[in-house]
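S.K.: One structure is given below, represented as structure tokens, and several questions about it will come after.
We did not get these values from a lab; they are worked out from the coordinates using the rules stated. Bear in mind the structure is a predicted one, so any value in this text is a computation, not a measurement. In this analysis, Cβ positions are derived from the backbone assuming ideal geometry, glycine residues included, and neighbour counts consider all displayed protein chains.
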Amino acid sequence: MLLLCVAEARPGVLAVSALRYLSGMALVLPAVPAPEPLKVVQGATAWVLSIFAVYLFNGVTDVAEDRINGSGRPIARGDLDPRVAAVVAVAAGALSLAATAGLPHPMVWIIAANLVLGFLYSGPPLPLKDSCGGTVAVLCLSGLLSYAGGAVVAGSATYEGVAGSATYEGVAGSATVSAVAMVQMPPSLLVFAAAATCWMVLVGVPAKDLSDIPGDTAAGRRTLGVLIGERRSRQVMIAAALVVLAAFGLAVVLLEVPLVAVLAVMAAGVAAVAVAGTMPGAVTGRMAGTLAPGKRTGSAGRGARRRPYRAFMLTQHLLHITPLLTNIWP
């Protein structure tokens with residue numbers, strides 16, 4: 001059952017979420033002493049548990065749409081009871097908060113905020129995933145929280161020292177720790193977080209929507225793919241990838257941040273997304289009618305429509321592996 005829950009929460013997403021957190025840790029290292037390995041692992045566990053809870057809950061609320069779209073995840077194919085998955089999601093959310101014990105206080109709020117965002121994204125009465133703007137807002141905030149979490153935990157020894165020597169205790173001490181956590185984030189982390197978040201939102205959202213248009217249409221959602229259609233979504237995705245690459249390159253040159261290797265990876269990713277986005281694929285049709293229980297439809301052509309998303313995800317993984325390699329093992 002737990003393996004099915006992990007499959008429903010998308011292992012690739014869980015992996016890149018851990019990499020985001022670790023990237024925040026790696027890119028803050030020039031500004032803080034070496035982090036405590038056990039606390040880094042503890043923070044990563046708390047963060048990934050919160051992402052696991054959020055995506056599992058999303059799967060629980062997406063059953064009908066996923067079946068229309070031909071998804072092969074466990075709930076959609078009938079192998080995992082949504083009620084069981086919901087219980088596991090709640091338990092994982094509670095564990096993610098419990099796992100912050102002993103970490104810097106801001107980490108508690110980071111995990112709590114991510115859980116709240118996850119509920120607002122998928123939960124009733126007005127899930128933010130039903131609109132393009134709501135999806136973008138949630139992904140932006142959650143992405144930035146992941147980098148902040150890694151940076152906060154990496155600098156935990158520094159923050160605790162400041163808090164211990166602070167004149168004021170209690171709330172004032174916590175405020176000092178939070179302020180120091182923000183101040184000590186180096187420009188390379190800020191530029192990387194902005195670029196990677198833009199890549200996730202401006203390229204990833206339209207790429208994922210390409211294979212979900214039938215289900216989103218049936219659910220009454222106003223995603224980009226539903227609003228402008230598959231062909232224009234592909235054009236927007238490729239244009240956005242080029243703009244993000246150009247802006248990232250300009251920031252690397254003007255601010256002289258050591259992210260040239262990351263820039264090269266993104267350039268290769270833009271080429272991959274552009275090629276995948278212009279390859280011929282099945283055209284998404286509008287689907288009407290009701291769906292019989294346990295019936296999966298919309299699988300024809302789904303693989304072709306998911307090519308840009310696969311290229312996006314591969315690039316996203318490599319984008320976050322690169323700063324780990326260059327900052328920890330220079």
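S.K.: Could you give the size of the charge dipole of region 19-119 about its Cα centre, using +1 on the Cβ of each K and R and -1 on the Cβ of each D and E, expressed in debye and rounded to the nearest 20? Please list the in-between numbers first.
M.R.: Values: 6 positive and 6 negative charges, 18 e Å.
So the dipole magnitude of region 19-119 works out to roughly 80 debye.
S.K.: Also, I was wondering about something else. Label points 7 Å out from Cα along the Cβ direction at ALA246 and ALA34: separation in nm?
M.R.: 4.4 nm
S.K.: Out of all Cα-Cα pairs in region 1-150, roughly what percent, to the nearest whole number, are more than 26 Å apart?
M.R.: 25 percent
S.K.: Full extension from LEU14 to LEU325: what is 0.36 nm times the residue separation minus their Cα-Cα distance, to one decimal in nm?
M.R.: Details: separation 311, 0.36 × 311 = 111.96 nm, distance 1.96 nm.
Extending this stretch completely gives an extra 110.0 nm.
S.K.: In whole Hz, what ³J(HN,Hα) sequence does region 2-7 give by Karplus (6.51, -1.76, 1.60; θ = phi - 60°), x for Gly and Pro?
M.R.: Once θ is set to phi - 60°, the couplings for region 2-7 become 5, 5, 5, 5, 5, 4 Hz.
S.K.: Right, something else. Report, by chain and number, residues whose modeled amide H sits under 5 Å from the one on ARG222, excluding near sequence neighbours (fewer than 5 apart, same chain).
M.R.: Under 5 Å from the amide H of ARG222: SER131, CYS132.
S.K.: Still on this structure: Dipole of region 1-121 (Lys/Arg Cβ +1, Asp/Glu Cβ -1, origin at the Cα centre): which of GLY102, PHE119, ALA91 lies farthest to the positive side?
M.R.: Projecting each Cα onto the dipole axis, the largest value belongs to GLY102.
S.K.: Explain nothing, just compute: Karplus ³J(HN,Hα) = 6.51 cos²θ - 1.76 cosθ + 1.60, θ = phi - 60°, for every residue of region 242-257 in order, whole Hz, x for Gly and Pro.
M.R.: 5, 5, 4, 4, 5, 5, 5, x, 5, 5, 4, 6, 5, 8, 6, 8
S.K.: Could I ask something else about it? Can you compute 3J(HN,Hα) from phi for each residue in region 118-126, using the Karplus curve 6.51 cos²θ - 1.76 cosθ + 1.60 with θ = phi - 60°, rounded to whole Hz and x for Gly and Pro?
M.R.: Those phi angles translate into x, 5, 5, 5, 10, x, x, x, 10 Hz.
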